[in-house]
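Input: a single structure, listed below in structure tokens.
The values are calculated or read from the model by the stated rules, or taken from the named source; none is laboratory data. Computed from a predicted model, the values in this text were never measured in an experiment. FYI the Cβ positions are ideal-geometry reconstructions off the backbone, even for glycines, and counts take in every protein chain you see. Ligands, DNA and RNA are stripped out before the accessible areas are found, and what is left, the full protein with its side chains, is counted by its heavy atoms. Shrake-Rupley method; radii C 1.70, N 1.55, O 1.52, S 1.80 Å.
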Amino acid sequence: THNPLAPPFEFLEKTFLPILACMGVKVSMELESFGFYPKGGGKVRAQIEPCGKLLPLDIGARRGEPVLAASVLLVNLPDHIARRELKVIEQVRPRPRSPHVVSATNSPGQGNAAFIFVTSHLSDDGSGQSGPGTTRGAPPSITETFSSLGARGVSAELVAERLVQEAGVYLQSKAAVGEHLTDQLLVPFALAGGGSFYTARVSEHATTNASVIERFLDVSFQIEQVEHFLWRLSVT
């Protein structure tokens with residue numbers, strides 16, 4: 001459920017699934033046990049309802065002051081780790097509201113993860129595009145999830161500093177979609193046959209992913225730089 005090379009459960013729950021819901025997908029997820037390297041043992045129960053064609057979605061740029069929240073997850077580990085991480089996280093501006101600690105024992109192993117959640121209001125994309133028989137949605141807000149996982153030999157302070165740095169890069173941009181969420185949205189947007197969003201960075205992982213999808217589906221991705229730290233990605 002938590003490893004450094006894939007989105008953690010909190011990302012799926014708070015960021016990815018709400019966007020899918022706007023596209024007409026109904027999914028609920030419940031974490032029953034945590035799984036951290038090397039023992040694993042994670043278990044997630046998901047309920048997925050069948051749906052028709054996905055609705056295209058236009059996610060506008062961020063506007064106004066974002067609201068930040070933060071938490072630290074401790075699984076079978078001492079509390080002082082969380083206190084040290086929160087001390088670093090509280091230096092972020094705007095300051096996270098009500099930072100808290102989640103302590104859990106429902107895992108065969110040990111693990112630590114720190115999170116910053118950024119909720120932003122969105123501007124109207126203004127694309128005005130629509131396809132025959134389709135309705136394009138536009139969510140009023142979005143919550144991005146940033147995470148950093150603890151590891152043996154890595155101090156709690158460094159875990160939190162990595163988290164703060166990643167969230168800080170996102171907050172410098174007007175983009176609503178972060179680098180990793182960009183990767184996750186390409187397939188559902190392609191299956192919907194349309195949609196657009198703004199991202200702060202287009203990685204080689206994303207461009208490769210888009211190229212592969214174009215070989216399987218009759219879609220085309222357009223990527224244009226609007227300004228520094230702001231790119232618009234659309235699919236037709």
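The residues of region 89-107 that are closer than 21 Å to GLU65 by Cα and not in a strand (DSSP E or B), listed by number, are ILE89, GLU90, GLN91, VAL92, ARG93, PRO94, ARG95, PRO96. Of the residues making up region 140-160, those that are of a type in the set (Asp, Glu) and crowded, with 17+ Cβ neighbours inside 10 Å number 1.
Sort out which residues of region 93-120 are closer than 18 Å to THR145 by Cβ and crowded, with 20+ Cβ neighbours inside 10 Å, and write them in order of number. Of everything in region 93-120, those that are closer than 18 Å to THR145 by Cβ and crowded, with 20+ Cβ neighbours inside 10 Å turn out to be PRO96, PRO99, GLY111, ASN112, ALA113, ALA114, PHE115, ILE116, PHE117, VAL118, SER120. Selection over region 183-229 of residues that are in a strand (DSSP E or B), closer than 20 Å to ALA167 by Cα and open to solvent by 70 Å² or more (accessible area, probe 1.4 Å) gives a count of 1.
Looking only at residues of region 77-92 that are modelled with pLDDT of 95 or more and open to solvent by less than 60 Å² (accessible area, probe 1.4 Å), we find that the one that is nearest to VAL169 (Cα to Cα) is ILE89. Scanning region 22-41 for residues that are in contact with a Ser or Thr (Cβ under 7 Å, 6 or more places away or on another chain) and within 30 Å of ALA192 (Cβ to Cβ) yields one hit, LEU31. The lone criterion from (1) free of Cβ contacts under 8 Å to residues at least 60 places away in the same chain; (2) assigned to a strand (DSSP E or B); (3) open to solvent by 20 Å² or more (accessible area, probe 1.4 Å) left unmet by ARG63 is number (1). Take the conditions (1) more than 30 Å from GLY35 (Cα to Cα); (2) part of a helix (DSSP H, G or I); (3) open to solvent by 50 Å² or more (accessible area, probe 1.4 Å); (4) of a type outside the set (Gly, Ala, Ser); GLU166 misses just one of them, which is (1).
Taken over region 1-23, the criterion of being touching a helix residue (DSSP H, G or I) at 6+ places or on another chain (Cβ under 9 Å) and open to solvent by less than 40 Å² (accessible area, probe 1.4 Å) is satisfied by HIS2, PHE11, THR15, PHE16, ILE19, LEU20, MET23. Evaluated against (1) modelled with pLDDT under 95; (2) under 15 Å from ALA113 (Cα atoms), SER33 falls short on exactly one condition, (1). Against the list (1) closer than 20 Å to LEU17 by Cα; (2) modelled with pLDDT of 95 or more, the condition VAL164 fails is (1).
Restricted to region 24-56, and to residues there that are open to solvent by 40 Å² or more (accessible area, probe 1.4 Å) and of a type in the set (S, T, N, Q), the residue that is nearest to LEU181 (Cα to Cα) is SER28. Among the residues of region 210-226, write down those that are more than 10 Å from ALA190 (Cβ to Cβ) and touching a residue at least 12 places away in the same chain (Cβ under 8 Å). Result: GLN222, ILE223, VAL226.
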